[in-house]
Amino acid sequence: MRFARSRGYELGQLLVASSLPVADRAPRFRELADRAARHDGYRLEHWRDHTPAEHLEAFAAARSQMVAEAPSGAVDFPDEHWDAARILDEEARAVEAGRTHLTVAAIAPDGEVAGFTILTLAPGKRGAYQDDTLVLRPHRGHGLGMRMKLANLVALAEAAPQRTDVYTWNADENGPMLAINRELGFRPHSIQATWQRG
């Protein structure tokens with residue numbers, strides 16, 4: 001820490017690294033998903049590798065909000081712009097590299113994407129990696145984060161039952177997501193620091 005600060009760097013953010021054992025837990029995840037379900041106008045949709053055409057634009061709009069709405073501590077992340085072409089390009093590159101993406105999106109009554117969560121399955125690995133999860137601000141307070149994550153854990157068990165663990169990283173100031181992860185059974189195992197030049 002002193003070494004970094006002596007060279008003009010400041011601590012920007014701490015990330016909590018956690019893991020969740022998932023082997024043989026599909027029945028439990030299905031039970032929890034059934035309990036978390038609500039009849040509130042939101043519906044969950046799942047896809048593997050390829051975003052359905054009818055959701056491309058709304059999904060791109062939601063992904064563009066990730067940097068703006070996710071906790072970033074004191075790190076100055078540049079804004080990101082996603083459009084349908086970028087999503088299609090990313091999906092094509094992932095398939096070519098042998099990576100599988102499992103996505104669950106919460107669809108609002110007006111058809112917009114209210115939130116999403118993505119799991120990445122790299123080839124030759126025993127674990128899965130939690131990529132972005134976001135519930136957009138106007139749609140928070142409906143339990144969508146938990147509902148989406150449970151649905152994707154069920155999807156993971158069906159698509160790749162040989163995967164034994166899910167690994168995730170969360171900003172230590174992201175209390176709501178850390179609370180969801182604790183309830184799901186994630187256990188922290190390390191802290192990672194992000195530094196940036198002041």
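For the range 126-142, backbone phi angles converted through the Karplus equation (6.51, -1.76, 1.60; θ = phi - 60°) give residue-by-residue couplings of 8, x, 10, 10, 6, 8, 4, 9, 8, 10, 5, 3, x, 10, 7, x, 10 Hz, Gly and Pro being listed as x.
Were the residues from residue 84 through residue 125 laid out at 0.36 nm apart, the gain over their Cα-Cα distance would be 11.8 nm. Per-residue packing, averaged as other Cβ atoms within 10 Å, sorts the ranges 81-92, 98-109, 34-45 into the order 98-109, 81-92, 34-45, beginning with the highest. Placing dummy labels 7 Å off each Cα toward the beta-carbon, the span from residue 37 to residue 191 is 4.1 nm. With only the Cα atoms considered, the range 18-158 has a convex hull volume of 127 Å³ per residue. Which net charge results when you count Lys and Arg as +1 and Asp and Glu as -1 among the other residues whose beta-carbon is under 12 Å from that of residue 89? Once positives and negatives cancel, what remains is -2. Using θ = phi - 60° and the Karplus relation 6.51 cos²θ - 1.76 cosθ + 1.60, list the HN-Hα couplings for the range 144-158 in order, rounded to whole Hz, with x at every Gly or Pro. With the stated coefficients, the range 144-158 comes to 5, x, 5, 4, 5, 5, 5, 4, 6, 5, 5, 4, 4, 4, 7 Hz.
No lab work stands behind these numbers, since they all come straight from the coordinates. Bear in mind that the values here come from a model prediction, so they are computed numbers and not experimental data. All Cβ positions, glycine included, derive from the backbone under ideal geometry; neighbour counts span all protein chains shown.
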